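Worksheet: one structure, shown below.
No value in this document is a laboratory result; all are computed from the given coordinates. Everything quoted here is computed from the prediction, not taken from an experiment. Here the Cβ positions follow ideal geometry from the backbone for every residue, glycine too, while neighbour counts run over all protein chains shown.
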Amino acid sequence: MITRRSFCKKSLLIAGGLAVPLAALELFDPRKLLAEKDEKGPRWVFLVDTRKCVGCGFCVKGCKVENEVPYDANVTRTWVERYVVTKDGKTHIDSPKGARDGFPEKGIDIGHGKLEEIRDDDIEKAFFVPKLCNQCDNPPCVQVCPVGATYQTADGVVLIDRKWCIGCGYCIMGCPYGVRFFHPVYHVAEKCNFCYHRITKGMQTACVDSCAFGARRVGNLRDPEDPVTKVIMTERVNVLKEEYGTKPQVFYLGLSKEVK
Amino acid sequence: MVHGEAWTIKEFFTYPNEYIYWTIQIVMYPFMTGLVAGAFVLSSLYHVFGVKQLKDIARFSLVFSFALLPVAMLPLLMHLQQPLRGIEVMMTPHFTSAIAAFGIVFSTYGMIVASELWFVYRKHFVETALELRALPQPGAADRLRALLFSVLTLGAWDISHEALEADERAVKKLAAAGIPVACFLHGYAGFIFGSVKANALWMTPLMPVIFICSAVVSGIALCILTYILTMEIRKQLSLRRRLAHPEIPSMEELKSAEAHVVAMTSRYLLMFMVAAITLELLDLIFRGYTAVKSWDILRSVIYERDFVNIFVIQYGLGNLVPFFLFLIPGLTIRRATVGTVLVLLGVFMMRWNVVIGGQAFSSSFSGFMHYVLPIWPTSMETLKEGLVGALIVAIVPFCIFYVLNKVMPVFKKA
Ligand code: SF4
Ligand code: SF4
């Protein structure tokens, strides 16, 4: 016969026993394993020269095709923003369809399919800013993933395991840069991964290859001879939203204070 | 169509991938866990602190808390893009994530409530089982019930005075252990939001505390409301049945018992409500006063776009009005009913304003997003994350409660 005492004891034992395998699973942290294996490999970084970008959107096109993000879906791994600062001090920003087709309209897209026309005379300055995943060194998206489906490799790139993602969207909420979305076909979290399948084979990313103006470059920060590394080390570069403590690894030349 | 596009309206500049990704189900999730935690805390007030006046409602809220428990998980599952993989949270928890602890906290809490219930109802199980076994000609249904109750006793048939006293001590201990766990279960739902540094509205260390206070408020309110409803039904039944069974409590007895319980419980409701509102206002004032970078956009969301939701419905209808309803002396059942419904509405709107309101602005701080709740489902997506899905989540606990009440009668006098 079971007494209350033994019942309590046994339930505690069962609960404890259940907790042990859970703890064991935690020991296999893919990031740790990878980091131990490979410390001297590359650290991929990106360099965007906003002064060279003309807003043609070829990079967005190239990315969508290369990475099989449905062409007409209103999500994209990389995009280009247009900033128009008027003389009254206002900043007008848009990125219609992520600038997949460039900026066919002169008016600023303000949502609901409406355009805001701005007279040329009112414009103080205007420029384009390409955006992509910052492959943060301290990535909040990795921190918040409850199942470890988003992880950081030793070479700095943050990847998503499509077979393991439960689609909770916590990482989408956790990224301050809005680069994440749900893949319309696979229904899991999706984002730019610096074309990991290409850079690890010595190729350029699809967007770098598509940019005719040299506004985008990818490089290895651990190689002091890399031209991208040289620019980052010697010139006045900036990063986006540093205040979040994410340590972003996409560096910008010619970033203006208006950029969000 | 991209996930989120169906119900998001964008205005001015938002990043191309930004949509309202966390929708009505994520509003339901903290709302439901809040009810679970609140109901449990209410029952513990009696078991641990010996607040005698709450005796009647204590059993009731304990069973109700158990009925709500499985439902706290349901909205999360309905929200996942890959619901079949939900179990991974238990299998490979990634402990830097606030959600990863869910499985552990949740099952610990479930075990505590289940064992507490067992101790509370053990006597009933034993008695019913013995009664059924003693039947001269048991039918198939009786035999099945006898088996069920025998299994539920878990082999502990001793209902001597000492044994029952030991039971009571166990209940007390479990209830005491349950309070911090219940608070953790819910406070941690607040942490899920409060720790998202990318979201200007969510990020505050006050979030878990605010969540706990409003959880207790909503839990108590729901217990009062359901208690009133079941008492009304019992009144009707007793009217009809009293002719045949005079031993059933009379209408007057029921009425006075009801008024007493409701008045007592609503006092605790008020206390927690004051705490919750104080914290929420503190948060708001602090944000306005420090006015960091995000304040501009937050202000336009709080004072302009969501003004009706926040100040009229949540604070006005959901807090202020019930506050006076409960404070005016001579609380009637009808007024208590209206008050609790409004309190529940207020807490629901608080969750809504946090979850949806937190996504009402772009993280570029230059644009807005508006959530249009899908009413009529046109696809699986709008079914799960629309009105229908939310209603399913809201109704299920009552169905479970109905079944549980058959096995563990809430109103049987001990
Ligand atoms: S930019 Fe966003 S998605 Fe990319 S690593 Fe940083 S936090 Fe993660
Ligand atoms: S959506 Fe997928 S990758 Fe993102 S946090 Fe959830 S499980 Fe992890």
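Observations on the structure shown:
- As a proxy for reagent exposure, B:I392, B:I375 were ordered by neighbouring Cβ count within 10 angstrom, fewest first; the result is B:I375, B:I392.
- Whichever lysines have a C-alpha closer than 22 Å to that of A:K64, once near sequence neighbours (fewer than 8 apart) are set aside: A:K52, A:K97, A:K131, A:K163, A:K191, A:K201
- Among B:L154, B:Q137, B:V126 the positive-end extreme of the charge dipole of segment B:124-215 (Cβ point charges): B:L154
- Charged neighbours of B:L327, selected by a Cβ distance under 14 Å, balance to +2 (K, R count +1; D, E count -1).
- Long-range tail of P(r) for segment B:202-355 (Cα pairs > 23 Å, %): 46 percent
- Per-residue 3J(HN,Hα) values for segment B:350-359, derived from phi via the Karplus relation 6.51 cos²θ - 1.76 cosθ + 1.60 with θ = phi - 60°, read 5, 4, 4, 5, 6, 6, 6, x, x, 10 Hz in sequence order (x marks Gly and Pro).
- Ranked packing of B:64-71, A:221-228, A:95-102, most packed first, by mean Cβ within 10 Å: B:64-71, A:95-102, A:221-228
- Most mobile of A:W164, A:W44, A:W79 in a GNM of chain A (Cα contacts under 10 Å): A:W164
- If R0 is taken as 35 Å, the Cβ-Cβ distance between A:E124 and B:E5 corresponds to a FRET efficiency of 0.55.
- Using alpha-carbon coordinates, inclination of helix B:24-47 to the longest axis of chain B, degrees: 40 degrees
- Using equal-weight Cα scatterers in the Debye expression, the normalised intensity of segment B:1-86 in log10 at q = 0.15, 0.20 Å⁻¹ is -0.68, -0.90.
- Between A:D161 and A:V54, the contour length at 0.36 nm per residue exceeds the Cα-Cα span by 35.1 nm.
- If you sort the three axes of the alpha carbon gyration tensor as a ≥ b ≥ c, you get a/c of 1.5 or more for segment B:300-389 and a/b no higher than b/c, which makes it oblate.
- FRET efficiency, B:T230 to B:S379 (Cβ-Cβ, R0 56 Å, nearest 0.05): 0.90
- Exposure proxy order (Cβ contacts within 10 Å, fewest to most) of B:E252, A:E66: B:E252, A:E66
- Neighbour cut-off at most 12 other Cβ (10 Å), DSSP loop, trypsin sites (Lys or Arg not before Pro), segment B:187-296: B:K293
- Inter-chain Cβ neighbour count for B:83-92, averaged per residue, equals 5 (cutoff 10 Å, partner chain atoms only).
- Nearest 10 degrees, 0 to 90: helix A:4-27 Cα axis against chain A principal axis: 40 degrees
- Close amide-amide hydrogen proximity is noted between A:H92 and A:V84, A:V85, A:T86, each under 5 Å apart and 5 or more residues distant or on a separate chain (H modeled in the peptide plane; Pro and chain starts excluded).
- Segment A:105-248 pair-distance distribution - Cα-Cα, 10 Å bins, rounded %: 9, 31, 33, 20, 6, 0
- The mean count of C-beta atoms from other chains within 10 Å of the C-beta of residues in A:137-146, rounded to a whole number, is 5.
- Semi-axis lengths, largest first, of the ellipsoid equivalent to chain A are 42, 23, 17 Å, with √(5λ) applied to each eigenvalue of the Cα gyration tensor.
- FRET E, pair A:T200, B:Y289, Förster distance 51 Å, beta-carbon r, rounded to 0.05: 0.55
- Cα extents for chain B along the principal axes, largest to smallest and rounded to whole angstrom: 77, 52, 40.
- Placing dummy labels 7 Å off each Cα toward the beta-carbon, the span from B:L206 to A:A212 is 5.5 nm.
- In Hz, Karplus ³J(HN,Hα) per residue of segment B:223-235 (6.51, -1.76, 1.60; θ = phi - 60°; x = Gly, Pro): 4, 4, 4, 5, 4, 4, 4, 5, 5, 4, 4, 5, 4
- For segment B:10-157, the calculated P(r), taken from all Cα-Cα distances in 5 Å bins from zero up to the bin holding the longest distance, is 2, 8, 12, 13, 13, 13, 12, 10, 7, 4, 2, 2, 1, 1, 0, 0 percent.
- Residue-span extension gain [B:L84 to B:V407] - 0.36 nm each, minus C-alpha spacing: 113.2 nm
- Label point distance in nm, B:S300-A:N238, each placed 7 Å from Cα along Cα→Cβ: 2.1 nm
- Footprinting exposure proxy ranking of A:D49, A:D121, fewest other C-beta atoms within 10 angstrom first, gives A:D121, A:D49.
- The per residue volume of the convex hull around the alpha-carbon atoms of the protein assembly as shown is 180 Å³.
- Here's the list of aspartates and glutamates a cross-link from B:K255 could span, going by alpha-carbon distance under 19 Å and ignoring same-chain residues fewer than 8 apart: B:D56, B:E232, B:E247.
- Summing Lys and Arg as +1 and Asp and Glu as -1 over all other residues whose Cβ lies under 11 Å from the Cβ of A:G214 gives a net charge of +3.
- For residues of A:71-78, the mean tally of beta carbons on other chains within 10 Å: 3
- Approximate spin-label separation B:R143-B:F307, in nm, with each point projected 7 Å along Cα-to-Cβ: 7.1 nm
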